[in-house]
1. Suppose we filter the range 306-328 for residues that are loosely packed, with under 15 Cβ neighbours inside 10 Å and of a type in the set (Gly, Ala, Ser); how many remain?
2. Select from the range 366-406 the residues that are in contact (Cβ under 8 Å) with a residue 12 or more places away in the chain and of a type in the set (Ser, Thr, Tyr) and list them in ascending order.
3. Within the range 81-111, work out how many residues are at pLDDT below 90 and part of a helix (DSSP H, G or I).
4. Let me spell it out: the conditions are (1) within 18 Å of Leu304 (Cβ to Cβ); (2) modelled with pLDDT under 85, and Asp441 meets all of them except one. Which number is the exception?
5. Check whether at least one residue in the range 127-150 is touching an Asp or Glu at 6+ places or on another chain (Cβ under 6 Å), at pLDDT 80 or above, assigned by TED's automatic domain parsing to the domain that holds Leu64 and not in a loop (DSSP other than H, G, I, E, B), and report yes or no.
6. Of the conditions (1) surrounded by 14 or more Cβ atoms within 10 Å (Cβ to Cβ); (2) aliphatic (A, V, I, L, M); (3) part of a helix (DSSP H, G or I), Ile338 clears all except one; give me its number.
7. Report yes if Val160 is more than 21 Å from the chain's Cα centre (by Cα) and of a type in the set (Val, Ile, Thr), otherwise no.
8. Just to check your reading of the model, which residue among Leu380, Leu393, Leu386, Leu433 is closer than 21 Å to Leu350 by Cβ and in a helix (DSSP H, G or I)?
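The values are calculated or read from the model by the stated rules, or taken from the named source; none is laboratory data. Values in this document were obtained by computation on a predicted structure and should not be read as measured data. Every residue, glycine among them, receives a Cβ derived from its backbone with ideal geometry; neighbour counts consider all protein chains shown.
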Amino acid sequence: MALIKELINKYIRGNEIFSRFVNVFSVDVIVRGANFLLIPVFIALMTQREFGNYGYLYSFAMTLSGIINFGFYVAMTKLYSDTTNNKHQQGSMLFTITTSLLVLVAISMLIVYFTKIDIDFFSLLNKNNDAGNFYLDYRVYVFIAVLSMIFTNYLTFFFVSSEQIKKLQAFNLIRFFLANGTAVIVLYVSPLDAVMLRLAITYGAELFLTIVFGSFLFKRFLPVFDLYYLKKAFKLGLPIVSGCLLTAMVNFGDKFFVMKYAGADTFAVYNLGILFSSILLIVYQSFNFVWLPLFLKEKDLTVLKRKTKRYTLIIITGLSALGLLVWLGTYFALVWGIIKINYYDVLYILPVLIVAQIFGTLIGLFANFTTYFEKTHIQLFVGIILSVIGYFLYSSLVKEYLIMGASVSLLILNAIGFLFYYTRAGYYINNRLKGKRELKD
């Protein structure tokens with residue numbers, strides 16, 4: 001008991017990060033937690049194959065949005081911090097980056113649509129399984145999902161950068177009730193295709209809300225286009241896009257190989273495991289929403305190094321405990337019939353996926369340093385390495401062990417990624433501190 005009190009006094013009580021995190025998380029846990037509580041509802045309203053197909057298309061849309069967003073959300077976060085003391089420059093920066101993103105996304109989507117690159121890619125990727133046959137039926141709805149993901153993410157990072165946490169909370173709260181609530185009602189009463197309805201309603205509603213809440217961003221605009229900020233945005237963002245393109249093997253490869261070797265029904269089980277394990281990632285994201293603006297503002301690298309080490313220990317301990325609760329909750333949900341017994345195998349892969357997600361959150365924590373030091377090109381290098389390793393892991397382990405093979409592969413890849421970013425962050429910090437000491441001498 002004395003040890004617990006000591007830890008609370010040392011790391012929690014009076015801690016600015018923790019107090020802000022509680023304010024954010026208090027609403028986030030309601031909104032995002034409610035999303036997970038709806039999973040059994042969607043499982044009941046959709047067949048196992050529909051649930052698997054929806055998860056596959058969702059993963060494909062996420063991968064595509066990570067490439068077409070041009071990494072501008074990272075550039076905006078960094079440049080917002082750099083222009084905090086000059087509202088004129090900040091307004092020009094926001095106007096330049098946002099309008100450029102709108103144009104670039106519009107052009108990219110038109111190119112993809114008319115050249116049918118996505119169809120060719122999807123057909124090539126899934127020529128040996130039934131996934132390639134249904135993409136055309138949902139193509140328009142996947143496009144809506146991609147647009148929603150890009151601009152919802154961009155707006156979220158604007159609220160985070162500008163520390164407008166209340167607006168972010170309102171955005172998430174309304175989004176939950178409008179998007180998911182409507183989707184549940186329509187799926188219940190409509191005999192139409194459940195995959196199409198869920199994609200159309202969920203992401204159509206989210207895109208509409210993003211436009212409405214985007215007015216808070218538009219109000220900050222100073223309509224002066226500045227090429228300097230566009231160049232900086234490309235410098236920071238394009239390496240991230242390249243990294244996303246190359247790490248598609250990590251982010252989408254597991255889903256592809258599971259669908260290829262196991263089919264949609266088994267993929268539904270794997271998708272459920274990914275969804276439940278991502279609870280840990282969502283908790284970390286709530287923390288990072290608070291931490292990132294303060295992280296980028298901190299100029300004392302010694303302080304930054306000490307705080308990062310402290311939060312690393314807190315994240316590992318806290319998420320490990322949460323992971324245990326997630327597994328127990330899933331177990332009882334299956335035993336009590338809340339989740340169909342068809343998904344029972346998720347209990348075997350969930351512990352592996354939970355550990356993989358813990359490594360994934362630590363990647364995010366230490367990857368912040370690539371933005372801080374404007375070294376985002378490192379993510380391109382990491383993407384190449386992980387993609388090559390990922391291909392061999394997934395192609396061999398998933399073929400042999402199916403969803404357990406995919407889970408173990410993801411764990412190995414995230415562990416490698418964490419080790420790289422951890423050592424690289426230490427190198428950047430020590431190198432900068434060494435340079436400052438030499439200047440003083």
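1. 2
2. Matches in the range 366-406: Thr370, Thr371, Tyr372, Thr376, Ser387, Tyr391, Tyr394, Ser395.
3. Total meeting the criteria: 3.
4. The failed condition is (1).
5. So far as the range 127-150 goes, yes, one or more of its residues are touching an Asp or Glu at 6+ places or on another chain (Cβ under 6 Å), at pLDDT 80 or above, assigned by TED's automatic domain parsing to the domain that holds Leu64 and not in a loop (DSSP other than H, G, I, E, B).
6. (3)
7. In short, no.
8. From the options Leu380, Leu393, Leu386, Leu433, the qualifying one is Leu393.
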